[in-house]
Structures are given as C-alpha cells and as structure tokens.
Amino acid sequence: MSAACSPPRVLGASPIRTLPVRLRPLPGEALDSWLEALAARADTTWGDMTAAVGLGGHDLPDNGIARRGWLVVLAPRQREALSLATGVETSLIEAMTLERFSGRSPNDPAGRAASPPLRWLHSYVSRFCPDCLAETAGRWQSWWRLKWAFACPQHLCLLVDACPSCHGVQRHRDLPAGLIPTLGQCARKAPTGRGRSLDRCAARLSEAPVVRLPIGHPALHAQRVILDATLTDHVSSGIYTREPVPAAVFLNDVRAVGRRVLVYADTDDLRHYLPDDLVALVRGSIASASATPPQPDKPRSVWASAPIAAATTTAALTVLGTSTIADAGERLRDLVAHCRNRGLSVSASNIGWGHGVSQTLIGVQLHALAPFLGPTGQLRHRLSTQRPTRPDSSRAPSVEDAIPALLWPRLALHFVCPHSGDTPLRSALAAAVSIVGTRMSLAQAANRLGSATTGPATSRILQILHADPHWPAMQAALTGLADYLQENSTPINYARRRTLDFSGLLVDAEWTKICRTTGTPQGRGVKLRVARCWLYERLSGSPAVMCLDALNTIDFRGKLLGFSRHLTPGLLGQLDAAARRFLDRHQLSGEPLTWCPPTAIIENLDLPGKGPATVNTGELRRLIREEHLGIYQAADRLDTAPSTIRYALETSPLPLCLNGAERRARGTVSAQARATLTQDKFIDLYHIQRRSLRDIAQLIGTSRQTISRLAHEYEIPLRPARRPRRARRIQSVRSTF
C-alpha cells in the first residue's frame, strides 16, 4: 500500500482503525464525556479507548497547552484520527472542544494566533447539573468546564461544585488507564483506596442536592449572557453598545467589578446588586469556607464555587448591563463611597480593579468617582463625555497653539457668574480648556498660555464655577471646546501671536490720521495708550494690561474697560485696518484679525451667562448715547453682565448722536465730508467737471468752508476767486464817469 493511502498515524502511535462501536455525541457534549460513553459501551478501559482514537500517550498537541490539551484544542491530525476511528464528522468533533467558546474558527491560523490563550476561559475542573446527568444517563456538557459556568438555564438551578459524598471536585485529572468508565458516578478515588487502586467513590452525581432558582432569576440571565459572549467572542449590549468588546475583555470587566463588590460591600450594600437568596448563599459560602480547612484538590479560592461565581457575575452585570456609562457609574458610586469611608484608597490614579479591563469600564469607574474629584480632575478625565478616559499627555502640545491666553469673549460670556471678573474668568477658562484630557497642572497650562494668570488664581476661579449649579453644563462646554480644537485646525496660531513685537502697533501718525478721519478726539497721549492696549488684546488674545503701553494705575484700567463705549463704526473700521497692516508687516496676511470657534459647541447647554443676542440694541444706544451712562450702569439697567455690554459695543459699535455744534467741535462734519468726498472724486468734480466749491458743498450736504478745508487737506490747488458780474458792471460805470 502506498504512503498516500495508508491509515494516519498520530504522534508515533499505531495506525488508526475504525472502532466496532458507534455512538453519536449529544448536543453540547464534552469530548471526554463522549469518549467515556464509547468506552463504557465497548466495555473497554480508558487507556485503550484513547489509544484507539489517537489521543493516547503523554505527548503534547501542537498548541502546547497541557496534558489532555485536546479537551481545549485539537490538532488537525487528531481531528482526522478521531473522525476515522469513530465515524463522526470533524465539525462535530470540533464542537465538543472548548475552542468553540473562543469565537474563532479552528481552521483559521491567523485568528488562532491573534486570539488570547484559552486558559483565561476554561477551568481544570468541571461543575455539573444533576438533572442534566439524570436525563442523559451521565453525559457531561462541555460548557460546564468554563470558569464562568455556575447555573443551568434549562433546569433553573445552580451547578454543583463537588461530589455530595466525598466532596471532591470532578474531572480534574485523567481517569486511570486501566479503569472502565462508569457514567454518572463520581470517578474520584475511594477514601479507602491506596496507591494504584481502581476503587472509585462511585456516588451517583445525579442525586446531588441543588439550589433551585425561580424563573427570571438574575443569575440565570447572567449565565445566558456569559454563554452568549463566549460563543460569539464579543459583547455589544449594555454599556458596550457603542463600543463592543471581545469576550475576554468583557469577562475581565465582570471579574473586576464582581470581585470588588463581593470583597468590599457589606450585607446591606450587597442587596443593591443581588437578590436576597444570592446574598444569603454568598454569606453562607464564605462562612463555610472559613470553617473548613482547605483541601489540596478543592479550588484554592472560595470565589471558585458556583454560588460565589453566580453572585460575582450577577453583581457585575447589574452595573455593566445598564444602558449608559453614566448609569453604570451611578450604580457603582455607592460602593466607591463605602470603600473610601472604610479608609481604602480609591482614586482616579489607582482605578482599574484588574488587568486587561476595557476602557469602557474605566469610564464607568471614573463616573463613579466624579463627586470625589475636584473641577481639575473632572476636566482631566473628561467626565462630561459619554466615555471618560485617563489623561493623555500627547494632547497638550497640539491644543496649546490654538488657545488664546483669554478665552474668546463670545464664548466666555456664557460662563459669567458672580464673584468672577472678566479677565480672571477668561484666563482661567483658557487654562481649563488646555488641561482637558491631559496631565498638565494648572500652573503649567497658565505658563504655556503666556502666564496671563497663575495656577492658584485659576484654581480659585474653577472652584467658584464648580460650586455653581450650572457646573455640569460648563464642564461639558469646556470639554466640547477642547475636543473641537483637538480635531480641527484653527486659522490663528496664538502661540506665534503672543511672541510678536507689538511696538509698531498703532504708531502716533496712524492714530492722528484715524482721529482726523473719524472725528475722534485725539486725546493727550493716554487715549492712544488705551487704544494700543485694546488692539493688543484684540490681536494677541492676551490681557491688555500685558501690553508694553499699559499703565499700572486704577485710572488707566478704568479707561481701558470703558474704551468700547467710545467706539464708533468708523473708528472700529480704522483700528481694524491698522491692525491688518500690522499683521501684514509680520507676514501674517493669511490669518484673520480675530476668530472664534463656532458657538454650536455650547448650544443646548444650560450655562449661567447670557449671550449678546439678549441685549436690546435700541435700549443700549439710548442709555449710552443719549443718557451717557457708563458700561456698568447700562449693564445694571439691562440686567446683564458688563462684559456682555462691552462685547456688544465692540462687535456692533454705536454711532454718535450729536447736534450741529457738537459735530463741528468734534470734527465729525469734516470726517463725514471726508468719507463722502474722496480725493479722486474731489479732483473729478473740481478740475475736470469745473464745479465750484459751493456746488460741491451743496452736492454732499455741507458748507463751502468745510469743502475748502478739505481741499487744503487733499493738497488740491484752488482756482483764483472771481468777482461777481454785478460788481464788475458797477466798476465799469464808475470808470466811465
């Protein structure tokens, strides 16, 4: 016979031949249970049966897990040998191993290499359901060997951990090679057995007492969830709806939460997570384990018993099965508070509660810790988002260039609350945005933004905001703004703006021309300093008092705060034009003068401040231009913040309301004539169309004297004055006589 047609050999054994006995495996049956049933029907020993099907010997299979590794994963030649010897399809043989609970295909080497080892899933012992053993004449289900097997959904009971007679765990090692299996009986060595004796305990396992569970019991639901997770290898329900996780990660989460609940919760706390019957079972199991000395063949930890496994899983799913991370955090918050009250260290720096847990669970734990964190910690861990995370140090440099030292006034208006000045508030908000999701301290954030404030000053403002009932909305707004800046590029590099040399901003000649053009009183030098400082803050995003022209006096600060009251549309346009020329000289022609993120980021949030849209422009004009009130008095009359009034005046300046004398005194008449009659238009009307100064004055609605002064300003030569025709006629008559 050729080599191609010869029967397969497995691991150096004899050629595999077809068994004379046929037996189909039951649905869900374990591989060793099926082979025991074959041996019992054939009345042959266990050693002869495993050798006949190609599983004898002590050599390890290809996966190298452990002796009897074929219970977990079969090598390809082992599958072929079993199929040849028993006449059962390889697909059914594969379904009897624990590999089916890994969610991967046995024929996919890439998937096998990428999946975690199966040791995290299976146990080296097997629990059992007595009712199932009675119905199947002693056949064992493969899923009973899972670490997370604790209840039978079919018979509504907890699984049994050990033999009711000898109290030994089952199927923890191979049967003796010379033993003929007896189905449904305890295969542990008899208490009187010594050495190589084949005497067995032989207790009928189907008669073991069980704990019955009512229909709909949470432990039964928990067992179904665990089995579904292990079969599909992923979980996408509960808190994992948005971000499904592999089964291995899910079970790590279950173990982490469940163990923490059982270890640290007292009886009253347990009732928040478990029904009363499970609480009683847990307490009874712990008391029994404390009174009984450990046995070498029993699980080394009390947590391996079926009642404890059921309680662990049920308690964990009470948290993990909620619809959102926030709800799960609320469920877990009482436990965190209880741990902290007992003096245990539970903080954002030591959360995790286990290795390999999901980021979703970390988010749940952070939500549970939220009341115990200050405003800085809440921002660092992004607690206002759907999934809080640990701080990420890589976020800080990328956002730093996109944030001014003072938060954009359009957005800062919505954060205004009592006992916080405009500049301190805006500088604190800018530092707060920069630390969202990072490990930076407030002092580091303030230093990176140009040292417009300090760490303690920022902390004081944040504590004021944190005490406000609107803090959750403010926290969400700051986090949303930080995320927007992280995900989108900004047209202004504020780090570069802060390093510009502003000594050439709004020089004396520019200011003089602007005042003459707009009819603005030029002042005696202080007003120019105020205008420079105001324009410095507008361009750099840093406080105006950091400008080199600022004076450290109360009077100067008052003039600076009130400068927007004196703005007019013409003056604002001229100042912006001067700022544009300044940026162009520094090769920043591609950047806008000012910019602000979209306000949609903070829409639908219950923030304490009022936006500029709430200001009645007509009433504001009457108060400022007619009653000549200051900004603070107008804010009181309009029931809004002074910063809101100031922003409204800076974005929509009010035109002046002057009578004729006031207009002439301020030079407003000349300014209006200058704006209407440009130099080119003047030349066209006067020299080309040959119109007189009086005609031109009537055309634009001003006096001849104003047009004459404008001609001198434009350096337009005037024609010689002509005498009236009547005067020439009188002179002619006089010369005749």
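The values are calculated or read from the model by the stated rules, or taken from the named source; none is laboratory data. The model shown is predicted, which means the values in this text are computed figures rather than measured ones. Here Cβ is always computed from backbone atoms with ideal geometry, including for glycine, and neighbour counts include all displayed protein chains.
Do we find that ARG532 is in contact with a Gly (Cβ under 9 Å, 6 or more places away or on another chain) and basic (Lys, Arg) in this structure? So ARG532 does not fit the description; no. When ALA430 is tested against (1) touching a helix residue (DSSP H, G or I) at 6+ places or on another chain (Cβ under 7 Å); (2) of a type outside the set (Val, Ile, Thr); (3) surrounded by 24 or more Cβ atoms within 10 Å (Cβ to Cβ), exactly one condition is not met: (1). Provide a single number: the residues in segment 260-276 that are of a type in the set (Lys, Arg) and modelled with pLDDT of 85 or more. Of the residues in that region, 1 qualify. A count restricted to segment 438-460 and to residues that are more than 24 Å from the chain's Cα centre (by Cα) and part of a helix (DSSP H, G or I) stands at 5. Do the conditions hold for SER451, that is, is it outside the structural domain of THR644 (by the TED database), in contact with a helix residue (DSSP H, G or I) (Cβ under 8 Å, 6 or more places away or on another chain) and polar (S, T, N, Q)? When the stated conditions are applied, SER451 does not pass them. I'd like the full set of residues that are crowded, with 23+ Cβ neighbours inside 10 Å and farther than 17 Å from LEU262 by Cβ, limited to segment 326-340. If the condition is that a residue be crowded, with 23+ Cβ neighbours inside 10 Å and farther than 17 Å from LEU262 by Cβ, then ALA328, GLY329 are the ones that fit.
Can you tell me which residue in segment 236-272 is surrounded by the most Cβ atoms within 10 Å (Cβ to Cβ), limited to those that are among the polar types (S, T, N, Q) and within 16 Å of THR314 (Cα to Cα)? The selected residue is ASN252. Restricting the first member to segment 131-142 and to residues that are buried (at least 19 other Cβ atoms within 10 Å of the Cβ), and the second to residues that are assigned to a helix (DSSP H, G or I), the beta-carbon pairs closer than 6 Å and six or more apart or on different chains are LEU133/LEU205; LEU133/SER206; ARG139/SER33; TRP140/SER33. Scanning segment 277-287 turns up no residue that is modelled with pLDDT of 90 or more, surrounded by 15 or more Cβ atoms within 10 Å (Cβ to Cβ) and farther than 17 Å from ALA222 by Cβ.
Looking at segment 173-188, can you tell me whether even one residue there is surrounded by 17 or more Cβ atoms within 10 Å (Cβ to Cβ), more than 24 Å from ALA42 (Cβ to Cβ) and either within 57 Å of the chain's Cα centre (by Cα) or outside the structural domain of TRP144 (by the TED database) (or both)? Checked against the condition, which is being surrounded by 17 or more Cβ atoms within 10 Å (Cβ to Cβ), more than 24 Å from ALA42 (Cβ to Cβ) and either within 57 Å of the chain's Cα centre (by Cα) or outside the structural domain of TRP144 (by the TED database) (or both), segment 173-188 yields no hits at all. Filtering ALA467, ALA473 for residues that are under 24 Å from the mean Cα position of the chain (by Cα) and without any contact (Cβ under 8 Å) to a residue 24 or more places away in the chain leaves a single hit, ALA467. Find all pairs meeting these conditions: Cβ atoms under 7 angstrom apart; at least six residues apart or on different chains; first residue within segment 304-330 and farther than 19 Å from ALA151 by Cβ; second residue of a type in the set (S, T, N, Q). Hits for this filter: ILE325/THR360; ILE325/GLN386; ALA328/THR322. Looking only at residues that are out of contact with any Phe, Trp or Tyr (no Cβ under 6 Å at 6 or more places or on another chain) and modelled with pLDDT of 95 or more in segment 102-135, which one is nearest to VAL245 (Cα to Cα)? Within segment 102-135, the match that is nearest to VAL245 (Cα to Cα) is CYS129.
In segment 157-172, the residue that is modelled with the lowest pLDDT out of those that are assigned to a loop (DSSP other than H, G, I, E, B) and either among the small types (Gly, Ala, Ser) or surrounded by fewer than 19 Cβ atoms within 10 Å (Cβ to Cβ) (or both) is HIS172. Among the residues of segment 79-101, those that are closer than 16 Å to GLY28 by Cβ and either surrounded by 13 or more Cβ atoms within 10 Å (Cβ to Cβ) or modelled with pLDDT under 55 (or both) comprise VAL88, LEU92, ILE93, GLU94, ALA95, MET96, THR97, LEU98, GLU99, ARG100, PHE101.
Here no helices (runs of 4 or more DSSP H) wholly within segment 675-720 include at least 3 residues being modelled with pLDDT under 75 and of a type in the set (A, V, I, L, M, F, W, C). Within segment 562-611, the set of residues being of a type in the set (Asp, Glu) and either in a loop (DSSP other than H, G, I, E, B) or surrounded by 17 or more Cβ atoms within 10 Å (Cβ to Cβ) (or both) comprises GLU591, GLU603, ASP606. Take THR385 and decide whether it is modelled with pLDDT under 95, buried (at least 17 other Cβ atoms within 10 Å of the Cβ), closer than 28 Å to THR499 by Cα and of a type in the set (Ser, Thr, Tyr). Taking the combined requirement at face value, the residue does not satisfy it. Among the helices (runs of 4 or more DSSP H) confined wholly to segment 215-277, which include 3 or more residues that are in contact with a helix residue (DSSP H, G or I) (Cβ under 9 Å, 6 or more places away or on another chain), farther than 15 Å from VAL357 by Cβ and not aromatic (Phe, Trp, Tyr)? Correct list: 218-232, 267-270.
The residue pairs whose first member lies in segment 171-190 and is in contact (Cβ under 8 Å) with a residue 40 or more places away in the chain and under 20 Å from LEU146 (Cα atoms), whose second member is β-branched (Val, Ile, Thr) and assigned to a loop (DSSP other than H, G, I, E, B), and whose beta carbons are closer than 7 Å, counting only pairs six or more residues apart or on different chains, are ARG171/VAL125; HIS172/VAL125. Reported count of residues in segment 200-214, each being within 18 Å of VAL160 (Cβ to Cβ), in contact with a helix residue (DSSP H, G or I) (Cβ under 9 Å, 6 or more places away or on another chain) and part of a loop (DSSP other than H, G, I, E, B), is 5. State yes or no: is LEU60 part of a loop (DSSP other than H, G, I, E, B), at pLDDT below 90 and not β-branched (Val, Ile, Thr)? In short, yes. Listed by position, the helices (runs of 4 or more DSSP H) inside segment 474-549 whose residues that are surrounded by 22 or more Cβ atoms within 10 Å (Cβ to Cβ) number at least 3 are 526-540. Among the numbered conditions (1) basic (Lys, Arg); (2) more than 22 Å from THR499 (Cβ to Cβ); (3) buried (at least 24 other Cβ atoms within 10 Å of the Cβ), the only one that ARG460 does not meet is (3).
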